[in-house]
Every structure is written in structure tokens, then in C-alpha cells.
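Student: Please find one structure pasted underneath; my questions will follow.
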């Protein structure tokens, strides 16, 4: 089965030479030792490789995508619309519902254990769905904002990307940045920006 995009897409898993003039290089703005070492990521982005293995033909299923803000938003908005975009069914409504189910109950996300030590963060539920993070309930660091409804879901990348969908307020949010932060500071940046959006809704 093949899927034909509803409109031409600029979303890629490779750094194509044809779009090289439009690349925005990643710049480190906060340097700390944590999950990823920002200078390492930034340097290798500049060189177009990671440890000598990432180049124009490399695909990384868990990251490394290349896109534009409008296309990133189109992807997130397709999720808000129940899997449909521009009259084309991309995902079934059942799939969209399934990804929003909390698969981890009250289990903590141990990837943030370092932030508990380094930043004094509290332990909090992972709130992981199938391929997406969920807002859930409670007061703790979240890229979706403290004002987001518990059913808000989305994703965020290593220091410079985030998207979320709040089904209650019917809002789609997408954020791209070339300013690479250590991940815990990045989550706090996303949280502040998300809460500005939530607070502006009437």
C-alpha cells in the first residue's frame, strides 16, 4: 500500500542536497551534560553526520527529521482532525484514539531521572501513549503546558522541536527552533510557550 500526500510535503528524514540552501543550522544556547551533549549534536549537524554515520541518505526512525514550520503544523493538524487532511484520510479515527491511551499508568519516565538529580525535578508519571506523550493530570514539567487539558498529546525533540494537540480546546501547536538547549531546560521553554497559547484562548 502506498500513501500519496494530499499536497507536496517538505517533511524529510534526510538532508537533501536540493534543499541545502534552506537548511537552518542548529546553534547551542545551553551547554550541560545530560541525555545528549548539545555541542556534539550541534557539531555533527553542522557536518551533516553523527559519529561519521549520518549523511544525506541516512534515515533515523526516532528523530533526525527535516521539515518546515508549516509542514510540521500540517502533520500535527492532521492528528487534530482525526487523521484527515485536505480531504485525504491518512490515519483512521481508531488509530488517533489508540495513540491517546496512556500505556504506562502511573509509572515514571526514567529518562528524566537525571533531571531529578540535576534540576531537582519531582518524579512524575511518564504518561506515554503509542508513539506520543500525553499531558495527563498533575503539576510537573510538561512541554504541553500546565494549562493544557489532560487529553493533550504530542511530541517533542532533543532540545528544539515540539508539537501538541489539545482536543478539548481544538488547538494545534507546532514549534521549531535552531536554538538547542539541554532537554530539561527545553521542556521548561516549551511549557512556558504552551501556557502562553492556552492563556490566550477565550
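Student: If you take the residues in segment 148-164 that are touching a strand residue (DSSP E or B) at 6+ places or on another chain (Cβ under 7 Å) and more than 17 Å from residue 137 (Cβ to Cβ), which one is modelled with the lowest pLDDT?
Tutor: The selected residue is 159.
Student: Let me ask something else about it. Quick check, is residue 140 buried (at least 18 other Cβ atoms within 10 Å of the Cβ), within 16 Å of residue 194 (Cα to Cα) and at pLDDT 90 or above?
Tutor: No: the conditions fail for residue 140.
Student: Give me the pairs: first residue in segment 181-202 and on the phi < 0 side of the Ramachandran plot and modelled with pLDDT under 95, second residue surrounded by 16 or more Cβ atoms within 10 Å (Cβ to Cβ) and in a helix (DSSP H, G or I), beta-carbon distance under 6 Å, and six or more apart or on different chains, which are they?
Tutor: 184/115
Student: Turning to a different aspect of this structure: Restricting to segment 105-124, give me the number of residues that are farther than 22 Å from residue 136 by Cα and assigned to a loop (DSSP other than H, G, I, E, B).
Tutor: The total comes to 0.
Student: Given the criteria touching a residue at least 24 places away in the same chain (Cβ under 8 Å), part of a strand (DSSP E or B) and surrounded by 13 or more Cβ atoms within 10 Å (Cβ to Cβ), does residue 174 qualify?
Tutor: Criteria met by residue 174.
Student: For residues in segment 89-104 being in contact (Cβ under 8 Å) with a residue 24 or more places away in the chain and outside any helix (DSSP H, G or I), which is nearest to residue 78 (Cα to Cα)?
Tutor: Looking at the filtered set, the residue picked out is 90.
Student: Tally the residues that are surrounded by 14 or more Cβ atoms within 10 Å (Cβ to Cβ) and free of Cβ contacts under 8 Å to residues at least 24 places away in the same chain, restricting the search to segment 105-134.
Tutor: Total satisfying the criteria: 7.
The values are calculated or read from the model by the stated rules, or taken from the named source; none is laboratory data. These numbers come from a predicted model, not from an experiment. Reconstructed Cβ throughout: ideal geometry from the backbone, glycine too, with neighbour counts over all protein chains shown.
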